[in-house]
Amino acid sequence: MDSEKLLCLNILGFKKPGITTEEYQNYMVNVHAPLVAGLMQKYGFLHWSMTHTSEESPKLMSQLYDAQFANTAPYDCCVQIVFPDIDCFVRMKADSYFRETVGPDHEKFADTKRSQMMIGWFSPIMANGIPLRGAE
């Protein structure tokens, strides 16, 4: 494993029709996350975070609006998962607990047909207010 090259999967998610944004966030953070956290730890995942939109999101975005910040994404959530190599994820998805519990649980809160994924190299630039690289 090259410690300088970590993979990052971003899941750009939509909530399942019929649930509110509050129900979606609550389910993901308080029900789904506890189902998955131990499994992710078991397979060597390094970072996992969720960003959820809310009723306040359009008003907050309007304060940032300009020519460069004009296109608001339609997603209800962005999940970021960092791991050292693709085998971490492959092994986790092959685990019987994932197949029998975690995978099916996604259908309870997520519109898995509309959600999108992207994977690439993780490049942390700042953590806890401190630049990690390239700061003058």
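Being in contact (Cβ under 8 Å) with a residue 12 or more places away in the chain, part of a loop (DSSP other than H, G, I, E, B) and either within 20 Å of P74 (Cβ to Cβ) or basic (K, R) (or both) is the filter here; which residues of region 1-49 pass it?
Residues satisfying the conditions are K5, F14, K16, P17, I19.
When the residues of region 58-77 are narrowed to those that are closer than 17 Å to G13 by Cβ and either out of contact with any helix residue (DSSP H, G or I) (no Cβ under 9 Å at 6 or more places or on another chain) or aromatic (F, W, Y) (or both), which ends up surrounded by the most Cβ atoms within 10 Å (Cβ to Cβ)? It would help to see each step written out before you state the result.
So the first thing to find is which residues in region 58-77 are closer than 17 Å to G13 by Cβ, and the list is 72-77.
Now drop any that are not either out of contact with any helix residue (DSSP H, G or I) (no Cβ under 9 Å at 6 or more places or on another chain) or aromatic (F, W, Y) (or both), which leaves 73-75.
Details: A73: 9, P74: 9, Y75: 18.
Taking the candidates together, the pick is Y75.
Take region 79-123 and flag every residue that is in contact with a Leu (Cβ under 9 Å, 6 or more places away or on another chain) and acidic (D, E).
D85, D95, D105
Has region 51-68 got at least one residue that is touching a strand residue (DSSP E or B) at 6+ places or on another chain (Cβ under 8 Å), modelled with pLDDT of 95 or more and either assigned to a helix (DSSP H, G or I) or not polar (S, T, N, Q) (or both)?
Yes, the conditions are met somewhere in region 51-68.
If a residue has to be closer than 28 Å to F14 by Cβ, in a loop (DSSP other than H, G, I, E, B) and either modelled with pLDDT of 95 or more or over 17 Å from the mean Cα position of the chain (by Cα) (or both) to count, how many in region 78-124 make the cut?
So the answer is 6.
The values are calculated or read from the model by the stated rules, or taken from the named source; none is laboratory data. All figures in this text were calculated on a predicted structure; none of them were measured in a lab. FYI the Cβ positions are ideal-geometry reconstructions off the backbone, even for glycines, and counts take in every protein chain you see.
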